[in-house]
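Worksheet: the structure to be examined is printed underneath.
None of the figures in this text is laboratory data; all of them are computed from the coordinates on show. Predicted model only: the values in this text are computed from it and were never measured. Methodologically, a virtual Cβ is constructed for each residue, glycine included, from the backbone with ideal geometry; neighbour enumeration extends over all protein chains shown.
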Amino acid sequence: MIQLKEGETLIREVHISKAGIIVLWLAVPVFLLITLGATYLPGLLSYAASSAMRNALMDMLGVEHLSMGDIVGAVGAWIPSWLKIVFWIFMTPLIVLWFGWCLVATYQNTRYSLCYTDQRVVATAKGEEFTAPVSELKQVFVGQSIFGKLFKYGEVTIEAKKGSVTVKNITQAMDVKRDLLRMMEEQED
C-alpha cells in the first residue's frame with residue numbers, strides 16, 4: 001500500500017490478475033490432454049463408427065455392451081508395454097519440471113504491484129521500487145497475450161525521465177494505460 005502525501009489522492013491500486021496465474025497453471029495440462037486426445041481419438045472414432053469392430057471388441061472383452069471407457073481401455077491395451085514405460089519415463093520429469101516452473105513463475109508474478117495517485121506513480125517489480133512524478137512520465141506501453149486480451153490482464157511498461165518499469169500480469173492493463181496517458185496530458189496543459 002502506498003503512503004499518501006498531504007494533498008495527494010489515490011486514483012488506483014492495481015492488483016495481480018488471478019486469471020493470468022490460472023492460465024499459467026493450466027497451459028501444460030490442457031496441452032497434455034490435447035496430445036493424449038489426438039493419440040486416442042482416431043482409434044476411438046473408428047471403433048465407435050464400425051459395428052463389426054465394436055462387435056469383435058465386445059467378443060474379445062466378453063461384454064454385452066461397450067462404454068467409452070471400455071474402448072479407451074482396449075485401445076490402450078494394444079499399445080505395447082515398453083512404449084507406455086518409455087512414455088512415462090519421459091513424462092514424469094516433464095511433469096515435475098512443469099510443476100516447479102509454475103511454482104517459480106507464480107512466485108515471480110506475484111512480486112509486482114502498481115499504484116498511482118494524482119501526483120505520482122509507484123510500482124514494485126521483482127522487489128525493486130520505482131517512483132516517478134506524473135510530470136516526468138514519458139510513455140506507457142501495454143503488452144497482452146491472447147489470454148490477456150480475453151481475461152483483461154497484461155503487462156504495463158512505464159517510461160519516465162529517470163528510468164522505466166514493467167509490471168506484469170496486472171488486471172485492467174488497458175485502463176491503467178488510459179488513466180496514465182490522460183494524467184500525462186493534463187500535466188502538459
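Observations on the model:
- Cα centroid of region 126-147 to Cα centroid of region 87-102, whole Å: 35
- The simple spin-label model puts a point 7 Å past each Cα toward its Cβ; for A52 and R178 those points are separated by 6.4 nm.
- Proximal lysines relative to K149, as straight alpha-carbon distance under 16 Å, when same-chain residues fewer than 8 apart are discounted: K18, K168, K177
- Note on E128/L26: beta-carbon distance plugged into 1/(1 + (r/R0)^6) with R0 of 25 Å gives a FRET efficiency of 0.25.
- Mean Cβ count within 10 Å, highest first, over the residues of peptides 137-144, 96-103, 149-156: 149-156, 137-144, 96-103
- Theoretical FRET efficiency, 1/(1+(r/R0)^6), r = Cβ-Cβ of A105 and E6, R0 35 Å, to 0.05: 0.30
- Within-10-Å neighbourhood charge of V140 [Cβ basis; K, R +1; D, E -1]: +1
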